[in-house]
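So the structure is just underneath, and the comments pick up after that.
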Amino acid sequence: MKKLVIIFAFLFPLTFWAQYLLPNEEVIYSFETKNGKKMSLVKDKSNTYIQYRFGTKAKVEMEFPAERTKESWKKFHYNSYMRGGGKENAGMEIDNILFKNNGYEYVIYRSYHAEGNDYSAGIIIKDSNGKETRINGNYKTVKGCICDLETTGMIEREDIGLSF
């Protein structure tokens, strides 16, 4: 009985996170926010679809797009920028993926700045009036890289500007 309780204690938290990744999926990019929520950008292993998920451990609060089809790739826009050179040249790397949903624009970002050796991740949400809300990610929890999108062949780099 004691072994059963220990096994249950380890598996119970995993069931909460399981809704963020289905058996046929893999994580492109994910992180936990500073206030304990989780953002996951996932894709089907055969590149059938891409989907954004956000919420608490107990519940996915938002999925975009709702349908898991090949058309989902067209709803996301990707941009990146890299400048080498270290601190002397203010080296940096910025990756953004953008989508629009219900009058809001969402930018998921990952950035690195050589000056200060600064890493950051998060979500920037803009309403139709341009008001911006930032959700900061905990960089220590980052998995994957937005930059891996290019290797899928399903999304091309676009000039959507850069945010971080």
Give the residue list of trypsin sites (Lys or Arg not before Pro) in region 66-149 that are DSSP loop and have at most 10 other beta-carbon atoms within 10 angstrom. Lys131
Percent of accessible area on the chain owned by carbon and sulfur, 1.4 Å probe? 54
Which whole-Hz couplings ³J(HN,Hα) result when phi for each residue of region 63-74 is put into the Karplus expression 6.51 cos²θ - 1.76 cosθ + 1.60, θ = phi - 60°, listed in order with x for Gly and Pro? 10, 9, x, 5, 8, 9, 10, 4, 5, 4, 4, 6
Please compute the modelled spin-label separation between Ala66 and Glu158, points set 7 Å along Cα→Cβ, answer in nm with one decimal. 2.2
Note, Asp44: beta-carbon cut-off 12 Å, +1 each Lys/Arg, -1 each Asp/Glu, net +2
In Å², nearest 10: area of Phe64 left accessible to a 1.4 Å probe: 20
By how many degrees, 0 to 90 and rounded to 10, does the Cα axis of helix 2-18 deviate from the longest principal axis of the chain? 40
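Taking 0.36 nm per intervening residue step and subtracting the Cα-Cα distance, what contour gain separates Asp127 from Ala90 on full extension?
Details: separation 37, 0.36 × 37 = 13.32 nm, distance 3.17 nm.
In short, 10.1 nm is gained.
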Using a probe radius of 1.4 Å on heavy atoms only, what accessible surface per residue do you get for the chain? Whole Å² is fine. 58
So what is the relative contact order for region 58-104, in percent, with contacts set as C-alpha pairs under 8 Å and at least six apart? 31
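The values are calculated or read from the model by the stated rules, or taken from the named source; none is laboratory data. A quick note: this is a predicted structure, and the numbers were derived from the prediction, not measured. Virtual Cβ from ideal backbone geometry, glycine too; neighbours counted across all protein chains shown. Surface areas here come from the heavy atoms of the whole protein model, side chains and all, with no ligands, DNA or RNA. Shrake-Rupley method; radii C 1.70, N 1.55, O 1.52, S 1.80 Å.
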